[in-house]
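Beneath this line is the structure, given in structure tokens, with notes to follow.
No value in this document is a laboratory result; all are computed from the given coordinates. The structure presented is a predicted model; accordingly, all values stated were derived computationally and were not measured. Please note: Cβ atoms are built from the backbone with ideal geometry, for glycine as well, and neighbour counts cover all protein chains shown.
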Amino acid sequence: MGGELLTGLSGGIFAIFALVAVVCAISVVLARNPIHSALFLLATFLMVAGIFFLQGAEFVGAVQILVYAGGIMVLFLFVIMLVNVQRLPQTEPYQKQIVAAVVLGFVLNVLFDAQLVLEPIPGGAPFSPDAFRTAAGRVLGNSQAVAWGLYREYLLPFEIASVFLLVAIVGAVVLGRRSVEKMD
Amino acid sequence: MSVTINDYLALSFLIFTIGFVGVLVRRNFLTVLMSIELMLNAVNLNLIAFSRRLSDLTGQIFSVFVITIAAGEAAIGLAIIISLYRQRKTLNVDEADTMEG
């Protein structure tokens, strides 16, 4: 039954990526210093990008590294350095309800995994790698295939995303101004 | 070893709940934002896994849009953090408790 997404060595590499991603994700939440959280988050992004590459989603993996690791993490680090966390009063890093929240997360995971074990999603048709690389009937590459989808079928969401980015730019500039009185 | 879609869903949900607990539990605004980014990454994992399972490119195109929205939302969230720091000199979520201005 062609139920496997990855087999053999790829499966082992996926296991390594998944394990490191989960450990780094837990460290993001538990680290006291925000700089440590940011670096663990960067490691998580890189592991997730590796999993994307394993799946044959090369364009999304590259976009993940460029935008997340190269853009959003740089933003975070700039703000951390701007705010200068050492000079802030040291407060407790966790809320009082940390035990309840962790128990809730654990219970949710147990329920979800139990459902997956009881009724696993069946495997589908065997996957041919060219399914992600064909564009206009020819085998070109994953980026070309995604581009053909983005600019033809999904052109409207693409344009809306560009308007959204404009809104985000204007909003960030307006929110980042020092004070209203100094603008003339 | 063979990896099925169920393993991907379990991993995606695990990372999602880790980010979810982070949003609930942390007092530092920056870490709350980072936990939100974790949740968005988990959603992307889910989309890419199903894209491969169904041999459909739609999941990957959707992922590109999710990454775009996450970038815009991170920028706005960080601008809000800077505003809060300038006004209150704090990054504690408990200090942002008045609704005025």
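The table below gives the values:
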{"quantity": "Region A:106-146 and region A:18-96: distance between their alpha carbon centers, rounded to Å", "calculated": "25 Å"}
{"quantity": "Modelled FRET efficiency - R0 41 Å, residue A:107 with residue B:83, Cβ distances, 0.05 increments", "calculated": "0.65"}
{"quantity": "Hydrodynamic radius by Kirkwood, which averages 1/r over all alpha carbon pairs of region B:31-82, in angstrom", "calculated": "11.7 Å"}
{"quantity": "Tilt relative to chain A, helix A:9-30 - C-alpha long axis, 0 to 90 degrees, to 10", "calculated": "20 degrees"}
{"quantity": "Rounded tilt (10° steps) of A:155-175 against the dominant C-alpha axis of chain A", "calculated": "20 degrees"}
{"quantity": "Average other protein chain Cβ within 10 Å of Cβ, residues A:20-28", "calculated": "5"}
{"quantity": "Test item: A:120-129 mean partner chain Cβ contacts at 10 Å", "calculated": "4"}
{"quantity": "Spherically averaged projected area in nm², based on the convex hull that wraps the Cα atoms of region A:1-88", "calculated": "6.4 nm²"}
{"quantity": "Expected 222 nm ellipticity per residue - DSSP helices of 4 or more, -39500 (n - 2.57), all of the protein assembly as shown, to 500", "calculated": "-22500 deg cm²/dmol"}
{"quantity": "Overall dimensions of the protein assembly as shown as given by Cα atoms, namely Rg and Dmax in Å", "calculated": "20.4, 70"}
{"quantity": "For chain B, the spread of Cα positions along each principal axis, largest first, Å", "calculated": "52, 24, 20"}
{"quantity": "Inter-probe distance in nm under a simple model that places probes 7 Å from Cα toward Cβ, at residue A:178 and residue A:22", "calculated": "5.0 nm"}
{"quantity": "Within 10 Å of each Cβ in A:141-153, the average number of Cβ atoms from other chains", "calculated": "2"}
{"quantity": "Lys, Arg +1 and Asp, Glu -1 on Cβ, resulting dipole of the protein assembly as shown about Cα centre, debye, nearest 20", "calculated": "660 debye"}
{"quantity": "Ordering of B:48-56, A:9-17 by packing [mean C-beta count within 10 Å, highest first]", "calculated": "B:48-56, A:9-17"}
{"quantity": "FRET efficiency for residue A:151 and residue A:130, using Cβ-Cβ distance with R0 set to 22 Å, rounded to 0.05", "calculated": "0.60"}
{"quantity": "Rounded tilt (10° steps) of B:29-54 against the dominant C-alpha axis of chain B", "calculated": "10 degrees"}
